[in-house]
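The next block holds one structure in the form of structure tokens; read it before the comments.
The values are calculated or read from the model by the stated rules, or taken from the named source; none is laboratory data. It should be emphasised that the depicted structure is a prediction, and the values quoted were computed from it without experimental measurement. Here the Cβ positions follow ideal geometry from the backbone for every residue, glycine too, while neighbour counts run over all protein chains shown.
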Amino acid sequence: MLASLKEVMEMANQGGYASGAFNTPNLECLLAVIHNAEEMNVPVIISHAQLHEEIAPLDDIGPLMVYAAKNAKVKVCVHLDHGEDLDYLERALEIGFTSVMYDGSLYSYEENVANTKKAVELAAKYNADVEAEIGVMGGREAGAADNGTKAEDMYTDPDVAAKFVKETGIDALAASFGTAHGLYKAAPKLDFERIEQICDKTGIPLVMHGGSGVSPEDYRKAIAKGVRKINYYSYMSNAGVKAAKELLESQDVTYYHDIAMAAQKAMKADVLKAMNVFYAKE
């Protein structure tokens, strides 16, 4: 059933867990996530990132995501991830997305605030929720290279985060505290004290971007400190790639659907492991 971000976040807060937010740029990803959520009987967030427009146009994948959410046996929030311009956010809202993220983290603080406030005003017309970002993650969701800045210099300042939330009126905050987008070359080092300070000072749900590749122990610590939404995609997608390669190397494959099914099965298994940690099922 279709749900708002606020609904899913409130359930996470009451349950003391973090809701998984999984990018679903194709049917295999979408089914892997929805089926796991239904089998576990937990709410979930399915996301579409603007950077995936070339491989999965919003006008094609968006209606499919909304349809899947409406027909799911559990609450499903349909979320736009890393929307970089307001026109794209509005397209998602027109399709029926219940939540959008405006990413103005690469702009100046003042410009980020101004644009985020516009995103909040826009979303209100559709009774939708807004996530925004302050601080800069290592790696870019859109795949751009790091600029060489030290990670700790990009971390979110708790006081600035509190000011940002107050000035914009957002519903959830993506902050930088040690994670990075993409596949990790070394284990990430999370600043748990910073997570707790940001949560205490902002009073709204905190989002972990670059959640793939974080250890189960660090997930649990971050959740205990207040993280209520964890974005997860890279390792799920990579699990599908590995399964497809193994299938192609082990036998003569005639039909594409065999590759797709192998990838979906592997991604479902990877998502299940992540969900078991996020939702405190193990």
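Go through segment 1-26 and give me each residue that's touching a residue at least 40 places away in the same chain (Cβ under 8 Å), surrounded by fewer than 20 Cβ atoms within 10 Å (Cβ to Cβ) and in a helix (DSSP H, G or I).
Our first condition is that a residue be touching a residue at least 40 places away in the same chain (Cβ under 8 Å); within segment 1-26, this holds for 1-9, 11-13, 15-24.
Add one more test, that the residue is surrounded by fewer than 20 Cβ atoms within 10 Å (Cβ to Cβ), and what stays is 1-2, 4, 6-7, 11, 13, 15-16.
Listed by number, the residues that qualify are Lys6, Glu7, Met11, Asn13, Gly15.
Among residues of segment 112-135 that are more than 10 Å from Met101 (Cα to Cα), those with a Cβ under 9 angstrom from a residue that is in a helix (DSSP H, G or I) and among the small types (Gly, Ala, Ser), sequence gap 6+ or separate chain, pair up as Ala128/Ala92; Ile134/Ala161; Gly135/Ala161. When Lys6 is tested against the conditions (1) more than 14 Å from Ser99 (Cα to Cα); (2) in contact with a strand residue (DSSP E or B) (Cβ under 7 Å, 6 or more places away or on another chain); (3) of a type in the set (D, E, K, R), the lone failure is (1).
Looking only at segment 242-268, count every residue that is among the aromatic types (Phe, Trp, Tyr) and not in a helix (DSSP H, G or I) and tell me the total.
1
Looking only at segment 191-246, which residues are under 26 Å from Leu31 (Cβ atoms), touching a residue at least 40 places away in the same chain (Cβ under 8 Å) and among the charged types (D, E, K, R)? Hits for segment 191-246 are Arg228, Lys229. Could you list all residues from segment 55-111 that are touching a Pro at 6+ places or on another chain (Cβ under 8 Å) and outside any strand (DSSP E or B)? Hits for segment 55-111 are Ile55, Ala56, Ile61, Val74, Lys75, Ile95, Gly96. Checking each residue in segment 239-282 for being surrounded by fewer than 13 Cβ atoms within 10 Å (Cβ to Cβ) and either under 16 Å from Pro216 (Cα atoms) or among the charged types (D, E, K, R) (or both) picks out Glu246, Glu249, Asp252, Lys281, Glu282.
The selection criterion, being charged (D, E, K, R), closer than 20 Å to Ser237 by Cα, more than 20 Å from the chain's Cα centre (by Cα) and at pLDDT below 80, holds for Lys185. Would you pick out the residues in segment 159-175 that are part of a helix (DSSP H, G or I) and of a type in the set (Asp, Glu)? Once the filter is applied, which keeps residues that are part of a helix (DSSP H, G or I) and of a type in the set (Asp, Glu), segment 159-175 yields Asp159, Glu167. Of the residues screened, Leu122 is not one that is in a strand (DSSP E or B), at negative phi and in contact with a helix residue (DSSP H, G or I) (Cβ under 8 Å, 6 or more places away or on another chain).
Could you list all residues from segment 18-36 that are of a type outside the set (Val, Ile, Thr) and under 15 Å from the mean Cα position of the chain (by Cα)? Steps first, answer last, please.
So the first thing to find is which residues in segment 18-36 are of a type outside the set (Val, Ile, Thr), and the list is 18-23, 25-32, 35-36.
Selection gives Ala18, Ser19, Gly20, Ala21, Phe22, Asn23, Pro25, Cys29, Leu30.
Is at least one residue of segment 103-118 closer than 25 Å to Ser19 by Cα and touching a Leu at 6+ places or on another chain (Cβ under 8 Å)? The answer is no; no qualifying residue exists.
With respect to Asp81, determine if the residue is over 23 Å from Met236 (Cα atoms) and at pLDDT 95 or above. Please lay out each step first, then the result.
Values: over 23 Å from Met236 (Cα atoms): no; at pLDDT 95 or above: yes.
Answer is no for this residue.
The numbered conditions (1) at pLDDT below 95; (2) over 20 Å from the mean Cα position of the chain (by Cα) are all true for Leu248 except (1).
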